[in-house]
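What follows is one structure encoded as structure tokens, with my remarks underneath.
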Amino acid sequence: MGVADQTGAAVKRGLWHKIKTIALTDVGVLVKGLDRDTLERVERVLLEADFGPAAFALVEALEGKARRGELRTVQAMHDWLVGAIAAEVHNAGGAGTLAVETAAPPAVILVLGVNGVGKTTQCAKLAWQLQQRGTSVLLAAADTYRAGAVQQLEIWAERLGVPCVTGHQGGDPAAVVFDAIDAAAARGIDVVLADTAGRLHTQGNLMDELRKIVRVVRRKRPDAPQESLLVLDGTVGQNAIQQGRAFTAAVPVTGLIVTKLDGTAKGGAVAAIRRELGVPIRFVGVGEAVGDLEPFDAQRYAERLLAD
Ligand SMILES: Nc1nc2c(ncn2[C@@H]2O[C@H](COP(=O)(O)OP(=O)(O)O)[C@@H](O)[C@H]2O)c(=O)[nH]1
Ligand SMILES: [Mg+2]
């Protein structure tokens with residue numbers, strides 16, 4: 001995916017291009033106010049980009065602005081939309097942060113999410129970011145269910161030069177995290193980053209297992225896990241919302257990482273996720289390389305999405 005960024009930029013340019021085209025079809029439209037048909041077409045474009053319920057809110061606000069004659073040029077409409085989308089996705093706080101300061105290291109970070117969203121990759125990216133800040137990390141391979149999952153994390157660990165605690169396939173993931181905390185404490189390591197399973201026989205089994213991991217961690221350290229980060233794929237639209245609801249109902253999720261925002265026309269999912277789930281977005285994944293994790297920035301997100 002070497003050209004992911006370029007693809008992404010091209011596709012994202014598409015969103016503003018579509019809206020602009022609609023706004024310009026009738027030259028008088030911005031001066032007279034947007035008619036019902038124009039608004040509906042803008043709404044459809046936003047829905048296609050996965051804005052979900054946020055699309056309705058944006059179009060309603062757009063209608064009001066246009067009716068009051070406050071958007072007289074296409075540029076004014078662009079700038080207003082950027083600001084409105086940024087406000088829509090704005091976090092109360094916490095973007096780019098990880099609560100890893102603790103009186104007695106190691107802090108514990110659980111990385112959660114269904115298969116394929118990018119958990120293992122985000123573990124590697126987070127480990128790398130922590131290393132950059134001078135924080136030492138130990139990886140825990142608590143996805144013991146899927147064949148190959150442990151090796152995938154081990155390969156990252158080796159590349160990054162961080163230790164990795166594993167169990168055997170089919171083993172108890174809570175025991176892996178438990179052992180990893182001991183190993184990190186013994187070696188004076190600051191943070192345990194635990195990769196978890198994304199699928200078991202049923203979703204109920206998975207949620208039970210995740211609850212058990214949290215319980216076992218707490219029994220060992222009442223203040224842990226310091227973070228339970230849910231990874232959501234930014235390209236799957238409403239599915240991400242469903243996943244978000246299921247995980248946040250089962251475990252206390254402290255933050256979100258929205259991945260694969262490179263190369264997608266569906267970047268609006270971030271707005272839907274922000275509106276539907278009461279959890280701050282901490283980071284966004286913008287590629288497959290270890291450096292492709294950015295603190296979530298509402299303004300930058302909106303500007304990129306509507307880049308001309
Ligand atoms: N384009 C893109 N791909 C990503 C991103 N994060 C992860 N991936 C890819 O998504 C696929 C699944 O990732 P993986 O970490 O194995 O997912 P897991 O099953 O949740 O552990 C892999 O091919 C990753 O390289 C991202 O931000 N952007
Ligand atoms: Mg994985």
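All of the numbers you see were taken from the coordinates with simple rules; none came from a lab. No experiment lies behind these values; they were computed from the predicted model shown. We place every Cβ from the backbone using ideal geometry, glycine too, and count neighbours over all the protein chains shown.
Within the stretch 102-125, find all residues whose amide N lies under 15 Å from a label point positioned 7 Å from the Cα of Asp223 along Cα-to-beta-carbon.
Within reach of a label on Asp223, which here means backbone N under 15 Å from a point 7 Å along Cα→Cβ, the stretch 102-125 contributes 102-109.
Rounding to the nearest 10 and keeping the result within 0 to 90°, find how far the Cα-based axis of helix 203-220 lies from the longest principal axis of the chain.
It is inclined by approximately 60 degrees.
What GluC sites (Glu not before Pro) does the stretch 73-159 have in DSSP loop regions with at most 11 other beta carbons within 10 Å? Before the final figure, lay out the partial values.
On the way: sites: Glu88, Glu101, Glu154, Glu158; in loops: Glu101.
In loop regions of the stretch 73-159 (DSSP not H, G, I, E or B), the sparsely surrounded GluC sites (Glu not before Pro) are Glu101.
Using only the alpha-carbon atoms of the stretch 235-308, report the extent along each of the three principal axes, biggest first, to the nearest angstrom.
Taking the Cα atoms of the stretch 235-308, the three principal extents are 39, 24, 20 Å.
Against the longest alpha carbon principal axis of the chain, how many degrees, from 0 to 90 and to the nearest 10, is the axis of helix 4-25 turned?
30
Using r as the Cβ-Cβ distance of Glu288 and Asp179, and R0 as 35 Å, what FRET efficiency do you calculate, to the nearest 0.05?
Numbers: r = 29 Å, r/R0 = 0.83.
Approximately 0.75, to the nearest 0.05.
Taking the 0 to 90 degree range and rounding to the nearest ten, how far is the long axis of helix 173-187 tilted relative to the main principal axis of the chain, both from C-alpha atoms?
Relative to the chain, helix 173-187 is tipped by roughly 70 degrees.
Among Met207, Ala149, Thr235, which residue has its Cα furthest toward the positive end of the charge dipole of the stretch 107-305, with +1 on Lys/Arg Cβ and -1 on Asp/Glu Cβ?
With unit charges placed on the Cβ atoms, the residue in question is Met207.
Among the lysines, which have Cα under 21 Å from the Cα of Lys266 when same-chain residues fewer than 8 positions away are ignored?
Cα-Cα hits under 21 Å: Lys12, Lys18, Lys20, Lys119.
Go ahead and estimate [θ] at 222 nm for the chain from helices alone: -39,500 (n - 2.57) per DSSP H run with n ≥ 4, summed, over the residue count, rounded to 500.
Details: 12 runs with 158 residues, N = 308.
Taking each H run of at least 4 residues, the total per residue is -16500 deg cm²/dmol.
Under 17 Å between alpha carbons, and skipping anything fewer than 8 positions from Lys65 in its own chain: which aspartates and glutamates qualify?
Partners found: Asp35, Asp37, Glu40, Glu43, Asp79, Glu88.
Using a simple charge model, +1 on the beta-carbon of Lys and Arg, -1 on the beta-carbon of Asp and Glu, nothing else, what dipole does the stretch 141-237 show about its Cα centre, in debye to the nearest 20?
Dipole size: approximately 280 debye.
Go through the stretch 195-226 and name the trypsin sites (Lys or Arg not before Pro) that are in a DSSP coil and have 14 or fewer other Cβ atoms within 10 Å of their Cβ.
Taking the stretch 195-226 and a limit of 14 other Cβ atoms within 10 Å, the loop trypsin sites (Lys or Arg not before Pro) found are Arg199.
Taking a virtual spin label 7 Å from the Cα of Ile155 along the C-beta vector, which residues in the stretch 119-149 bring their backbone nitrogen under 11 Å of it?
148-149
Have a look at the DSSP beta bridges in the chain and tell me what percent are antiparallel, nearest 5. Write down the numbers at each step before the final one.
On the way: 3 of 29 bridges.
Expressed as a percentage, antiparallel bridges in the chain total about 10.
Using DSSP to define loop residues, name the trypsin sites (Lys or Arg not before Pro) in the stretch 33-100 whose beta-carbon has at most 11 other beta-carbon atoms within 10 Å. Don't skip to the end; give the middle numbers.
On the way: sites: Arg36, Arg41, Arg44, Lys65, Arg67, Arg68, Arg72; in loops: Arg68, Arg72.
Here the trypsin sites (Lys or Arg not before Pro) that fit, given the DSSP loop and packing criteria, are Arg68, Arg72.
Computed over the Cα atoms, what is the radius of gyration of the chain divided by 2.2 N^0.38 Å, N being its residue count? Present the calculation step by step, with values, prior to reporting the outcome.
On the way: Rg = 21.4 Å, N = 308, 2.2 N^0.38 = 19.4 Å.
For the chain, the normalised Cα radius of gyration is 1.10.
What is the Cα convex hull volume of the stretch 135-261 when expressed per residue in Å³?
So the per-residue Cα hull volume is 117 Å³.
Only four residue types carry charge here, +1 at the Cβ of Lys and Arg and -1 at the Cβ of Asp and Glu. Report the dipole size of the chain about the Cα centre in Debye, rounded to the nearest 20.
Details: 34 positive and 35 negative charges, 73 e Å.
Around 340 debye, computed over the chain.
Evaluate Rg over Rh across the stretch 133-210, taking Cα atoms for both radii and Kirkwood's formula for Rh.
Value, to two decimals: 0.99.
Among Val117, Ala272, Ala99, pick out the residue whose Cα is farthest towards the positive end of the charge dipole of the chain, where Lys and Arg carry +1 and Asp and Glu carry -1 on C-beta, about the Cα centre.
The residue sitting farthest along the positive end of the dipole is Ala272.
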